[in-house]
Amino acid sequence: MPSSPRDRRRSRRRRGLLIICGLPGAAALSGCGRQSILSGHSPQTHNIMLLWWWMLGASVIVFLGAVGMLGLAWFRRRSAGLPIFGEREDINQRLVLLFGIGIPTVVLTVLFAVSNIYLIGQTAPPAVASTSMTIDVIAHQWWWEVRYPGTQAVTANEIHIPITTRVNVVGTTADVIHDLWVPQLARKIDLVPGRKNRVLMYASRSGTYGGQCAEFCGFQHAHMGLRVVAQSPAAFRSWLTSMAAPATSSTGAGAQAGRQLFMSAQCASCHQIRGTSARATVGPDLTHVASRSTLAAAEIPNDPAHLAAWISNPQAIKPGDRMPDLGLSRTQVNEIVAYLDSLH
Ligand SMILES: [Cu+2]
């Protein structure tokens with residue numbers, strides 16, 4: 001049935017209203033969850049959060065003031081002068097100076113000074129002596145290498161830390177500029193070629209926190225995530241001990257065939273598996289790959305099906321990635337999966 005122009009206009013207006021009301025809602029929701037700065041789990045991020053709410057409060061007051069003035073102007077559009085002051089030119093001019101220049105200058109100066117002094121205080125690199133341990137993070141296009149100095153442990157895309165412990169994270173990059181950001185635990189740090197930047201990482205309680213590269217670094221930048229697993233000091237120590245050990249793989253026939261394939265196919269020219277002849281460091285260390293919860297920088301879960309999909313066609317999952325398609329047969333892929341899945 002043809003609708004009247006009036007109906008159409010009304011439905012268009014309704015759609016417009018929906019978009020106007022829906023967008024901020026969607027934006028607010030997208031800030032929720034485990035990558036939100038508004039649910040900090042460290043004293044640092046708690047303070048950043050507090051600052052954010054104060055700044056929001058100040059902006060809301062200024063915004064409502066401005067909207068109020070606009071509303072007033074609209075209601076009195078047919079009458080001359082201001083409600084109480086009438087048409088007194090000198091008073092009107094002073095009001096314009098006060099609300100147009102005076103108040104904004106004070107508000108913006110205070111916000112600028114407070115936020116900067118506060119942020120600098122909150123986010124200075126930690127004094128090394130005040131921290132209990134150091135972790136090295138090296139960014140690559142498009143994954144994270146994680147090392148625990150003083151041990152053999154190397155892993156990828158998954159940083160484990162003990163809770164209620166001040167951890168000194170030293171970050172750099174193997175290629176272009178990246179940025180390490182775990183919003184619930186710490187501020188961002190840029191990872192710049194030839195430089196080592198540091199940040200304090202601290203988790204008040206155990207859990208898994210999401211992180212993300214926060215500096216555009218090429219094709220797969222948006223798919224360069226990581227996980228921070230904060231656990232009890234005892235659980236952390238046993239994790240670190242097992243990470244530092246060389247690989248122990250299953251002795252099953254499939255896994256053994258997979259191991260041979262891994263060493264003879266090109267895999268070993270890019271990956272390291274400690275305790276074997278594979279010693280390359282182009283891609284992630286796979287010594288304990290089966291113990292990680294995700295693959296390819298938090299892009300896919302780590303289970304046999306996803307592992308097989310990744311090995312047979314990484315370019316379908318992360319187009320442009322540094323790991324090429326190697327044209328393996330399904331049997332070959334399954335054998336390699338059996339091997340890698342045994343590397344706990
Ligand atoms: Cu990036």
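Each reported figure results from applying straightforward, stated rules to the coordinates on display, with no laboratory input. Values in this document were obtained by computation on a predicted structure and should not be read as measured data. So basically every Cβ, Gly included, is an ideal-geometry build from the backbone, and we count neighbours across all protein chains shown.
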By how many degrees, between 0 and 90 and to the nearest 10, does the Cα long axis of helix 5-30 differ from the longest principal axis of the chain?
-> 60 degrees
If one takes the longest principal axis of the Cα atoms in the chain, at what angle in degrees, from 0 to 90 and to the nearest 10, does the Cα axis of helix 43-75 lie?
-> 30 degrees
Over region 128-244, what is the mean sequence separation of C-alpha contacts under 8 Å (at least six apart), divided by residue count, expressed as relative contact order in percent?
-> 28 percent
Candidates VAL110, VAL170, VAL192; GNM for the chain (alpha-carbon contacts under 10 Å) flags as most fluctuating VAL110
Each label sits 7 Å from Cα toward the beta-carbon; between ARG10 and TRP74 the label points are separated, in nm, by 2.2 nm
Would you look at the GNM of the chain, springs on alpha carbons closer than 10 Å, and say which of GLN93, GLN184, GLN315 moves the most?
-> GLN93
How big is region 68-116 on each of its three principal axes, counting only the C-alpha atoms and giving the largest first in Å?
-> 45, 23, 12
When the chain is treated as a GNM, springs tying every alpha-carbon pair under 10 Å, which of ARG13, ARG88, ARG330 comes out with the largest mean-square fluctuation?
-> ARG13
Per-selection Kirkwood Rh - the chain (Cα, Å, 1 d.p.) = 24.2 Å
Rounded to 10°, Cα long-axis angle of helix 233-244 versus longest principal axis of the chain = 50 degrees
Normalised by the residues of the chain, what does the relative contact order come to in percent, with Cα pairs under 8 Å and at least six apart?
-> 15 percent
Please identify every one of the chymotrypsin sites (Phe, Trp or Tyr not before Pro) in region 73-175 that sits in a loop by DSSP and has no more than 15 other beta carbons within 10 Å of its own beta carbon.
-> PHE85
Could you work out how far the C-alpha centroid of region 112-159 sits from that of region 254-305, in angstrom?
-> 26 Å
